[in-house]
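Below is one structure; the comments refer to it alone.
The values are calculated or read from the model by the stated rules, or taken from the named source; none is laboratory data. Only a predicted model underlies this, so the values are computations on that prediction, with no experimental measurement involved. Here the Cβ is made from the backbone with ideal geometry for all residues, glycine too, and neighbour counts use every protein chain on show. Note: areas computed on protein heavy atoms with side chains; ligands, DNA, RNA excluded. Shrake-Rupley method; radii C 1.70, N 1.55, O 1.52, S 1.80 Å.
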Amino acid sequence: MNELGENVVMENVVIIGTGPAGLSAAIYAARAELQPLVLAGDTPGGQITITDAIDNFPGFPEGVAGIELFEKMRDQAEKFGARIVAETVTEVDFSSQPLKIKTYDNEYEASTVIISTGSNPRKLNVPGEQEYVGRGVSYCATCDAFFFRGRKVVVVGGGDSAVEEALFLTKFASSVTIVHRRDRLRAQAGLQTRAKNNEKIDFVWDSVVTEIVGDDKAGVTGIKVKNVKTDEESIVETDGVFIFVGHIPNTKLFEGKIDLDETGIIKTDSRQRTSVPGVYAAGDVQDNIYRQAVTSAGTGAAAAMEADKFLADMEGNAYPGKM
Ligand code: NAP
């Protein structure tokens, strides 16, 4: 019963998010006969759905498209009884049991919650960025590379995402310039070698983007860059700017409700427990280090197994203490 006297269905486990972490949690929770309710949110599948090809997910020696991996995981979870609904969480109350979760449409109560809300691309926050989103500025090569067939593009960043997406962009663009703020890439060695050997890719080192320039008719026409060692400023002409400078965890909803670290990720212990008993977190929302589809899936499975134990302990009235 909620404060308005309405009946609220009590759930064993509510899973928030449907990336690899959320769906793996759903598969494990469903197999444990917990009938999980999965709230899919605004972007079902999360970041893997905007990944062209995943080559390192075990079991797919030929690679698998992100969207296909999402669909297979979703079908597997539903096959075992997970209920996946297209609802977005607007508010949570974890101050006491039962835990409360509100969406635009409904209100739920649950003994356990698994948070797997993932992360979103970090912005550069420079003039022109916001203005030219969709008119030359993009955070997703898989989505937008096609529009740059035969044209010049810039990729900003030096991590795995930047280099992997730069390589993907070479299938379409006439040239790809990687602008990185240091003189060496952060990306794994294999990707670096492939990028350095690709004749369509060149590099602007030690440089930050200070502005994205363009006009109403053409959209983006170039970027202003500043060399951080010499302070020299220059313009790189380009038709598109793909920005891959890391991610921000989707934890706004949980501020003040569970412990977050200074970067905003959810603090978990080695058993995926958050600071609130019965609330677990899995995937990118609690991981600043690995952030792989396979590690997210692993933490999702672990969170579901912990939720199952928590429910069993609750029935036996042995309530686990705070971490
Ligand atoms: P990341 O590893 O955090 O790299 C972000 C890059 O952006 C870094 O090179 C960083 O520069 C740069 N950067 C950050 N803020 C910037 C700013 N304000 N202006 C300019 N440059 C900025 O992020 P990611 O590449 O998205 O990767 C995230 C995680 O996913 C990593 O763990 C990665 O290994 C993983 N991932 C793996 C694969 C794969 O295995 N195939 C593919 C994609 C991603 P500095 O280097 O100077 O810090």
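A few remarks follow.
- For LYS252, a cut-off of 18 angstrom between C-alpha atoms picks up these aspartates and glutamates, skipping any fewer than 8 places away in its own chain: ASP42, GLU87, GLU91, ASP93, ASP261, GLU262, ASP284, ASP287.
- Percentage relative contact order, the chain, counting C-alpha pairs under 8 Å, at least six apart: 20 percent
- Remark: accessible surface ordering of VAL228, VAL236 (largest first) is VAL228, VAL236, probe radius 1.4 Å.
- For the stretch 300-317 versus the stretch 79-105, the spacing of their alpha-carbon centroids is 17 Å.
- Accessible surface ranking that places the most exposed of LYS229, LYS224 first, with a 1.4 angstrom probe: LYS229, LYS224
- Subset of LYS152/LYS226; LYS72/LYS267; LYS171/LYS217; LYS171/LYS224; LYS100/LYS123; LYS152/LYS217 violating a 22 Å alpha-carbon distance limit: LYS72/LYS267; LYS171/LYS217; LYS171/LYS224; LYS100/LYS123
- Long-range HN-HN contacts of ILE54 with modeled amide H, under 5 Å: VAL64, ALA65, GLY66
- Computed over protein heavy atoms with a 1.4 Å probe, the carbon and sulfur contribution to the accessible area of the chain reaches 48%.
- The stretch 45-162 shape via C-alpha gyration tensor axes, a/c threshold 1.5: oblate
- Whole-Å distance, taken between Cα centres, linking the stretch 205-224 and the stretch 132-183: 13 Å
- Cα shape, the stretch 16-95, gyration tensor, a/c 1.5 rule: oblate
- Accessible area in the full protein assembly, largest first, 1.4 Å probe, for HIS180, HIS247: HIS247, HIS180
- Listed residue (ILE235, ALA53, ILE115) projecting farthest to the positive dipole end of the chain, Cβ model: ILE235
- Solvent exposure of the chain, expressed per residue, is 50 Å² of accessible area, with all protein chains present and a 1.4 angstrom probe.
- Gyration tensor verdict on the stretch 123-243 (Cα atoms; rounded if a/c is under 1.5, prolate if a/b is larger than b/c, oblate otherwise): oblate
- Long-range HN-HN contacts of GLU11 with modeled amide H, under 5 Å: GLU109, ALA110, SER111
- Hydrodynamic radius of the chain by the Kirkwood approach over all distinct alpha-carbon pairs: 21.1 Å.
- Percent antiparallel among DSSP beta bridges (both partners in the chain, rounded to 5): 45 percent
- Helices of the chain meeting both criteria, an alpha-carbon length of 27 angstrom or more along the long axis and an average Kyte-Doolittle score not below -1.0, with helices taken as full DSSP H segments, are 293-315.
- Take SER270: with every protein chain present and a 1.4 Å probe, its accessible area is about 110 Å².
- Most positive-pole-ward Cα, GLN97, PHE70, ALA82, against dipole of the chain from beta carbon charges: PHE70
- Using heavy atoms of the protein chains and a probe of 1.4 Å, the accessible area assigned to ASP183 is about 80 Å².
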